[in-house]
Amino acid sequence: MENNLFDFGMIGLGTMGRNLLLNMADHGFKVIGFDTDPGKAKLLETSATPGTRVKGMNTLAEMVQQLQPPRKIMMLVPAGKPVDDVIRSLLPLVSPGDIIIDGGNSHYTDTLRRVNEVREKGFHFMGIGISGGEHGARTGPSIMPGGDIQAYEQVKPILEAVSAKVNGSACVAHLGKGAAGHYVKMVHNGIEYAIMQLISETYQLLHSGKGLSNDALHKVYKSWNEGELQSYLVEITRDIFMQPDDKTPGRLVDRILDKAGAKGTGKWTSQDSMDLGIPVPVIDIAVSLRDLSAVKEERVQASALYKSATHEIEVPNEVFINQLADALYFSMIVCYAQGLALLYKASSELKMDIPLPEVVRIWRGGCIIRSAMLDLFYKAFTENPKLPNLLLDKQVAGILQARKHHMVSVILHATQTGFPVAALMNSLCYLEAYRSEFLPTNLIQAQRDYFGAHTYQRVDMPGIFHTDWGSYDN
Ligand code: 6PG
């Protein structure tokens with residue numbers, strides 16, 4: 001017999017929490033949400049599809065009481081202290097076997113700590129990465145759960161129902177042990193930062209270097225989005241150039257201050273990559289350039305000091321746009337390769353057992369970094385799930401080789417005309433270094449041994465060596 005209890009509870013009815021809950025309701029689940037703000041609880045109810053079971057509460061205890069045991073409760077609150085605060089107020093209200101889920105962008109080390117703290121008290125705790133923004137939450141996000149497999153089995157039907165679908169397959173999968181879900185989401189965001197930086201560099205070259213109007217830019221990104229560059233981030237870029245400003249004549253993009261914010265997930269990816277010794281330079285540079293964008297006042301001073309006017313890129317538009325498309329495709333592949341190489345290492349090093357083919361599969365729909373090229377990567381990782389770096393895949397290698405000359409041309413044009421294309425450059429340099437059988441690191445080893453007796457290995461015999469280096473000043 002049908003009871004009046006709810007299938008799923010949400011703590012935090014901001015944009016993501018509300019829309020995800022409404023998505024669940026649209027799939028036939030009875031849902032209840034809690035927020036201290038009465039307006040948000042009300043908005044949840046008024047935005048529900050007629051005929052669905054949706055309730056908004058302002059008292060946590062009342063929400064918890066109305067959930068079907070074992071209770072499934074997700075929190076979507078800002079990362080950090082708010083998550084710990086919610087857990088603290090929730091624990092006295094739940095029963096053994098209940099499942100608490102953190103669906104926000106928490107740092108994976110916090111998630112690991114919370115998994116242990118909550119498990120000790122007899123409850124389940126899972127960290128789940130959710131990507132797709134407001135629209136994705138409502139219509140189908142990509143969902144990255146990890147950790148407690150028993151808890152996952154219980155929430156799986158709900159997550160599968162609400163997630164994005166690609167060729168009928170749900171963009172959700174159990175992505176490994178411990179805090180794997182949040183780890184994968186962190187790397188997803190690092191890749192997100194890198195692709196956004198790359199696209200912004202192509203925009204600067206087309207806009208300032210080639211003088212393309214917003215209408216013309218719209219056409220370029222539209223055509224790119226209809227080919228191999230098809231991706232969510234290229235798609236929204238296409239639209240952005242057409243958005244009118246509602247305050248002044250013209251397009252909104254031209255009125256937006258060139259100072260970027262960041263909530264930290266890109267930085268965490270870089271920090272963690274350094275801890276694990278896996279280079280992700282395109283992500284690093286994307287993080288750094290957001291920071292550089294933020295020092296606008298200094299940039300204004302420096303622009304007066306270094307008066308080197310940027311010049312027009314003197315290559316026919318059609319030729320340059322074609323070269324740039326190849327350069328962007330090349331670099332985007334490199335971004336994914338770096339992020340996935342980090343996941344490969346983290347999987348074993350942090351004992352998470354992350355299934356890379358599944359990661360790539362669920363990124364194909366719903367999330368911010370979804371793109372057509374993920375089909376290619378899915379094939380590569382399905383054929384070889386233990387691929388340490390996507391760049392070792394033969395098909396990927398062929399694609400990069402075929403586009404490299406355009407990558408080089410774009411960088412030459414950009415540097416000759418004075419445009420900073422750090423992410424594009426980094427993509428090329430990463431590949432050039434990665435494919436180098438010989439790197440000049442023998443010299444670095446010699447220097448280390450010279451000044452610090454740090455020792456070195458030789459190419460011609462095994463062992464560890466140290467030399468008393470001489471001075472040869474004459
Ligand atoms: C997503 C996004 C999202 C992220 C924002 C903000 O997958 O839906 O990654 O989770 O929080 O993109 O990130 P920044 O404010 O750091 O740019």
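The values are calculated or read from the model by the stated rules, or taken from the named source; none is laboratory data. These numbers were taken from a predicted model, which means no experiment stands behind them. Positions of Cβ are backbone-derived with ideal geometry, glycine not excepted, and every protein chain shown enters the neighbour counts. Heads up: the accessible areas ignore ligands, DNA and RNA and are worked out on the full protein's heavy atoms, side chains in. Shrake-Rupley method; radii C 1.70, N 1.55, O 1.52, S 1.80 Å.
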Residue 6 long-range amide H proximity, modeled H, under 5 Å: 67, 68
Rounded to the nearest 10 Å², the accessible area of residue 117 at probe 1.4 Å: 80 Å²
Electrostatic dipole magnitude of segment 31-119 [Cβ: Lys, Arg +1; Asp, Glu -1; Cα centre; debye, to 20]: 160 debye
Förster-model FRET efficiency, 35 Å R0, residue 109 and residue 389, C-beta, rounded to 0.05: 0.90
Share, in percent, of DSSP beta bridges within segment 2-174 that are antiparallel, nearest 5: 30 percent
Accessible area (Å², per residue) of segment 2-130, counting only protein heavy atoms and a probe of 1.4 Å: 41 Å²
Accessible area per residue in Å² at 1.4 Å probe, computed on segment 354-474: 57 Å²
Chymotrypsin sites (Phe, Trp or Tyr not before Pro) restricted to segment 393-474 and DSSP loop, no more than 13 other C-beta within 10 Å: 438, 469, 472
Residues with amide H under 5 Å from that of residue 368, placed H, sequence gap 5 or more: 132
Sites matching trypsin sites (Lys or Arg not before Pro) across segment 189-251 that sit in DSSP coil, with at most 16 neighbouring C-beta atoms within 10 Å: 247
For segment 219-302, accessible area per residue (1.4 Å probe, heavy atoms of protein chains only), Å²: 58 Å²
Part-to-part distance (alpha-carbon centres) for segment 15-39 and segment 277-318, which is given in Å: 41 Å
Antiparallel %, DSSP beta bridges [both residues in the chain], to 5: 35 percent
Net dipole in debye of the chain [+1 Lys, Arg Cβ; -1 Asp, Glu Cβ; about Cα centre; nearest 20]: 760 debye
Given charges at Cβ of Lys, Arg, Asp, Glu: the chain dipole, positive-most of 256, 105, 410: 105
Accessible carbon and sulfur surface of the chain relative to its total accessible area, %, 1.4 Å: 55 percent
Packing-based ranking, highest mean first, of 82-92, 339-349 given that Cβ atoms within 10 Å are counted: 339-349, 82-92
Rounded to whole Hz, the Karplus (6.51, -1.76, 1.60) HN-Hα couplings of segment 51-67, x for glycine and proline: x, 8, 9, 9, 9, x, 10, 10, 10, 4, 4, 5, 5, 4, 4, 8, 9
Exposure ranking of 188, 107 by accessible area [1.4 Å probe, largest first]: 107, 188
Under 5 Å, built H, 5+ apart or other chain: amide partners of residue 74: 9, 10, 11, 101
Residues in segment 137-157 reached by a label modelled at residue 47 [backbone nitrogen below 14 Å; 7 Å Cα→Cβ]: 137-140
Fully extended contour minus Cα-Cα distance, from residue 300 to residue 382, at 0.36 nm per residue: 24.6 nm
Distance in nm between pseudo-label sites at residue 322 and residue 263 (7 Å out along the Cβ direction from Cα): 4.2 nm
Label point distance in nm, residue 307-residue 150, each placed 7 Å from Cα along Cα→Cβ: 7.4 nm
Positive-end residue of 132, 463, 285, charge dipole of the chain with Cβ unit charges: 132
Accessible surface of residue 382 - all protein chains present, 1.4 Å probe, nearest 10 Å²: 80 Å²
